[in-house]
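The block underneath contains the structure these notes are about, expressed in structure tokens.
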Amino acid sequence: MSLESLAQFAARFDDAFLLIGLAILLIETVKTLFQRKMSAHKALDMLASLSTQIPFLAVEIFLMGFIYVGFVLAADAWVSWTFPVTWWVIALGLIAADFIYYWEHRLAHEIRIMWTQHAVHHSSRHMNILVGVRFGPFESALSAVLHFPLILIGFPPEIVFAGIIIVLAYQTWIHTEIIGKLGPLDWLLNTPSNHRVHHGCDEKYIDKNYGGILMIWDQIFGTYQKEEETPKYGLARDYDSVNPLSIWVSEIPGLFRDLASARSLREALGYVFRPPGWKP
């Protein structure tokens with residue numbers, strides 16, 4: 001497979017899972033309307049999820065082109081060799097991208113400045129397919145930076161970016177309640193059951209199931225939790241806004257308040273880089 005063919009495959013993979021997501025959205029909507037459970041709050045929450053694409057795409061369109069060019073220039077300037085483009089290297093690159101995604105995702109929960117972006121994704125009290133496009137504005141830029149080491153060890157930029165796209169596209173279908181448990185697949189793959197756990201704010205579910213495609217990273221690093229009781233979705237704190245502007249920046253005012261109260265540089269850095277909820 002050529003690098004051009006790989007880029008085309010990643011784009012088609014993304015399109016295919018978009019269509020799957022739209023099909024699931026249609027089923028969810030029809031089911032909700034049939035059961036007369038489509039409240040005004042739920043409808044506004046779905047629209048709020050869509051609204052997050054406005055700042056997200058504005059940042060992505062502006063920055064990601066520069067980041068990709070930067071990756072190519074860095075590879076040319078600093079990397080004296082690259083892996084050959086073979087099926088094995090492409091497969092290894094995808095696995096590596098999934099591994100990096102696990103840590104990217106975990107760090108987004110454990111470092112407060114990153115949580116200010118990722119919390120947008122967790123701020124809904126509902127679980128439906130539109131939560132899958134509920135992103136903080138700078139999440140994609142942070143992702144690109146954390147995948148940069150793959151460039152330095154010799155993966156062509158095209159393989160790295162294809163890996164990022166495929167790992168994210170796969171996750172489109174897992175934000176739903178209409179698909180139940182899938183048996184052994186729940187142990188191996190990120191499935192709707194596993195991802196419902198990840199969105200749960202119950203104590204047993206918080207900070208679990210970080211994997212993108214594979215659950216083996218969670219199994220290895222001790223962050224796997226199977227779905228037992230139906231999760232309560234959303235942030236652990238009392239937050240249930242459907243105001244798009246509030247959702248886009250939901251965690252930033254609290255960070256600024258804590259920084260204003262910091263009594264030293266050490267405390268200020270703690271508020272920025274320690275886990276959400278940290279206090280000196």
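For first residues located in region 189-208 and open to solvent by 10 Å² or more (accessible area, probe 1.4 Å), partners that are modelled with pLDDT of 95 or more and hydroxyl-bearing (Ser, Thr, Tyr) and lie 6+ apart or on another chain with Cβ distances below 8 Å form the pairs ARG196/TYR233; CYS201/TYR233; ASP207/THR223; LYS208/THR223; LYS208/TYR224.
Looking only at region 143-157, residues that are under 28 Å from HIS175 (Cβ atoms) and either open to solvent by 60 Å² or more (accessible area, probe 1.4 Å) or in contact with a Pro (Cβ under 8 Å, 6 or more places away or on another chain) (or both) come to 1 in all. Only one of the numbered conditions (1) closer than 30 Å to GLU177 by Cβ; (2) in contact with a helix residue (DSSP H, G or I) (Cβ under 6 Å, 6 or more places away or on another chain); (3) part of a helix (DSSP H, G or I) is violated by TYR224, and that is (3). Restricting ALA260, ALA236 to those that are under 26 Å from ALA40 (Cβ atoms) and hydrophobic (A, V, I, L, M, F, W, C) reduces the list to ALA236. When HIS121 is tested against (1) within 15 Å of the chain's Cα centre (by Cα); (2) open to solvent by less than 40 Å² (accessible area, probe 1.4 Å); (3) within 28 Å of PHE9 (Cβ to Cβ); (4) in contact (Cβ under 8 Å) with a residue 24 or more places away in the chain, only condition (4) is not met.
Quick check on my filter: what residues within region 29-52 are touching a helix residue (DSSP H, G or I) at 6+ places or on another chain (Cβ under 7 Å) and open to solvent by 40 Å² or more (accessible area, probe 1.4 Å)? It would help to see each step written out before you state the result.
As a first pass, look at region 29-52 and keep what is touching a helix residue (DSSP H, G or I) at 6+ places or on another chain (Cβ under 7 Å): 38, 46, 48-52.
Listed by number, the residues that qualify are MET38, LEU50.
Look through HIS105, HIS126, HIS109 and report the one residue that is surrounded by 18 or more Cβ atoms within 10 Å (Cβ to Cβ), in a loop (DSSP other than H, G, I, E, B) and not acidic (Asp, Glu).
On the way: HIS105 fails: in a loop (DSSP other than H, G, I, E, B); HIS109 fails: in a loop (DSSP other than H, G, I, E, B).
Only one candidate passes the filter, namely HIS126.
So that you can scan it fast, the table gives a plain yes or no per residue for (1) within 14 Å of the chain's Cα centre (by Cα); (2) among the polar types (S, T, N, Q):
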{"residue": "PRO149", "(1), (2)": "no, no"}
{"residue": "PRO157", "(1), (2)": "no, no"}
{"residue": "ALA162", "(1), (2)": "no, no"}
{"residue": "THR176", "(1), (2)": "no, yes"}
{"residue": "SER193", "(1), (2)": "no, yes"}
{"residue": "HIS198", "(1), (2)": "yes, no"}
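Contact annotation: residue pairs with Cβ atoms under 7 Å, 6 or more positions apart or on different chains, pairing a residue in region 1-12 that is touching a residue at least 12 places away in the same chain (Cβ under 8 Å) and under 15 Å from ILE166 (Cα atoms) with a partner that is outside any loop (DSSP other than H, G, I, E, B) and aliphatic (A, V, I, L, M), are LEU6/ILE90; LEU6/ILE159; LEU6/ALA162; ALA7/ALA162; ALA10/ALA162; ALA10/ILE165; ALA10/ILE166.
The values are calculated or read from the model by the stated rules, or taken from the named source; none is laboratory data. Please read these numbers as outputs of a predicted model, since none were measured by experiment. Because the Cβ atoms are built from the backbone with ideal geometry, glycine has one as well, and the counts that use them run over all protein chains shown. Accessible surface is based on the protein model in full, side chains and every heavy atom, while ligands, DNA and RNA are left aside. Shrake-Rupley method; radii C 1.70, N 1.55, O 1.52, S 1.80 Å.
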